[in-house]
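Where a number appears in this text, it was derived from the coordinates with a stated rule and is not lab data. Worth saying up front: this structure is predicted, and the values here are computed from it rather than measured. Reconstructed Cβ throughout: ideal geometry from the backbone, glycine too, with neighbour counts over all protein chains shown.
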Ligand code: SF4
Ligand code: SF4
């Protein structure tokens, strides 16, 4: 499948099945658009008409260009047929029942009361609860027991707010470190926190033991403090920003990212991204809120148009910052076009419900944190493993080829069929398609590819 678009002065042609990206002039761009439907003579006639006032566009040029396009097709770099569809369903079966990652909900409670919280202020529509050390230890044992020959295991300490159960987090890390060598495993920990309880002990421990930390901040003070408030209604910005700055500095400015959410209140979210950059943070992520369309925070169709423009603004500004030697990273623009995810990953996606699961404070297993609290989505528990195998099979069958709506989508090998939780929350089915989310996703991929093109262009100019 071929996708063509023009952005930041570039004519970009993406051949999605081969992953090839071509940057072409306007004449070649038009020829590529006509090529599948028209004969060479028809293309030449149409182009001579379109470029009638252009002496530099001759019939011979056009025929040479058509020959080049044909050569790219023969080399499987353009109009490459989709040969992945037949194997898509079997990929996850081949990975067996190996579990690679757990999201440990160590605290179903929170010291903030964010208006848009999908987790109902950390309680996930249930009771407040903290994970005991024994449950956490069993979860780590479950992961080691079910990880087959895999060495690297990922564990995310999550909530609610995980720092509200910090001693258990530390004990679990110590336990994992004490057994990982003899079990032939290597744990990589992540801590996701709202920052309220960060102190020197948290900074020391997290910077020693956590491969990554995810810090929640929504950008500008007035935006952050609209929603990210404590139970007395006070904004969190002034309390968390200095702590985040101290933690990131002590970490050497690496292996973290600031994660924000934007809503109807700030579709102009690049101001928030740039604000976080001004605060000294360089590893940034801001995601559109996913909520009921009737929720006041929901993005409206008008907002979506603004957001799409904002993605372009962000990409162009990031290129400028890069040129000035002050680059920032935006999580959604991280795209490796050369050594990127293998085809298994590109088709099968994040692995929720199969390779990756969330564990509640009392040890139940769910496909990911966004399903916790939805009884129908309980997979089993950490003592008996996955008992709802029918549900696991449903998640296993989720891939870039599972949804009829995705059949003609050029982005399917980048989105891997999308996020099952977003689809579920927007449509009521993990097989649904959340079209506004798709629109933004495709825009992000277009911007990310354009940035790679521009970076390559700059290197060639140097
Ligand atoms: S900090 Fe996170 S868990 Fe707590 S209320 Fe806010 S969004 Fe929810
Ligand atoms: S962007 Fe949307 S339509 Fe396209 S493959 Fe992903 S989920 Fe399907």
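Going by how many other beta carbons lie within 10 Å of each one, how would you line up 190, 313, 458, fewest first?
With the fewest neighbours first, 190, 313, 458 line up as 458, 313, 190.
At 7 Å along the Cα-to-beta-carbon direction for both residue 82 and residue 375, put a label point, then send me their distance in nm to one decimal.
3.9
Quickly estimate the mean residue ellipticity at 222 nm for the chain, helices only: each DSSP H run with n ≥ 4 gives -39500 (n - 2.57), and the total goes over all residues, rounded to 500. Walk me through the intermediate numbers first.
Values: 16 runs with 193 residues, N = 462.
Rounded to the nearest 500, it is -13000 deg cm²/dmol.
Roughly what angle does helix 200-209 make with the longest principal axis of the chain, taking Cα atoms, 0 to 90 degrees, to the nearest 10?
Once rounded, the angle reads 60 degrees.
Work out the FRET efficiency for residue 306 and residue 435 from their Cβ-Cβ distance, taking R0 = 22 Å, and round it to the nearest 0.05. Kindly include the intermediate steps, with their values, before the conclusion.
Working: r = 17 Å, r/R0 = 0.79.
The pair residue 306/residue 435 has a calculated efficiency of 0.80.
Provide the packing ranking of 382-388, 274-280, 230-236, 192-198, i.e. peptides ordered by the mean count of other C-beta atoms within 10 Å per residue, highest first.
Put in order of decreasing packing, that is 192-198, 274-280, 382-388, 230-236.
Expressed as a whole number of Å, what is the distance separating the alpha-carbon centroids of the range 1-64 and the range 270-339?
Here the two parts' Cα centres lie 31 Å apart.
Roughly how many nanometres apart are two label points built 7 Å out from the Cα toward the Cβ at residue 183 and residue 128?
Result: 3.1 nm between the two label points.
State, as an integer percentage, the relative contact order of the chain based on alpha-carbon contacts under 8 Å between residues 6 or more apart. Let's see the in-between values first.
Working: 761 pairs, mean separation 67.7, N = 462.
It rounds to 15 percent for the chain.
Treat each spin label as a single point 7 Å out from the Cα along the C-beta direction, and report the residue 388 to residue 408 distance in nm.
Calculated label separation equals 3.5 nm.
Could you list 410, 166, 362 so that the one with the fewest beta carbons within 10 Å of its beta carbon is first and the one with the most is last?
Arranged by neighbour count, lowest to highest, 410, 166, 362 become 362, 410, 166.
I'd like to compare 39-47, 8-16: which one has the highest average count of other Cβ atoms within 10 Å, and what's the full order after that?
Values: 39-47: 15.6, 8-16: 17.6.
For the peptides 39-47, 8-16, the packing ranking is 8-16, 39-47.
Arranged by the count of other C-beta atoms within 10 angstrom, fewest first, what order do 393, 127 take?
Neighbour counts put them in this order, fewest first: 127, 393.
Calculate how steeply helix 435-461 sits against the longest principal axis of the alpha-carbon atoms of the chain, using the helix alpha-carbon long axis, and give the answer as 0 to 90 degrees to the nearest 10.
The angle comes out near 70 degrees.
Evaluate E = 1/(1 + (r/R0)^6) for residue 115 and residue 60, where r is the Cβ-Cβ distance and R0 equals 51 Å; express this FRET efficiency to the nearest 0.05.
0.20
Using only the alpha-carbon atoms, how far is helix 301-323 inclined from the longest principal axis of the chain? Give it as 0 to 90 degrees, nearest 10.
Roughly 90 degrees, rounded to the nearest 10.
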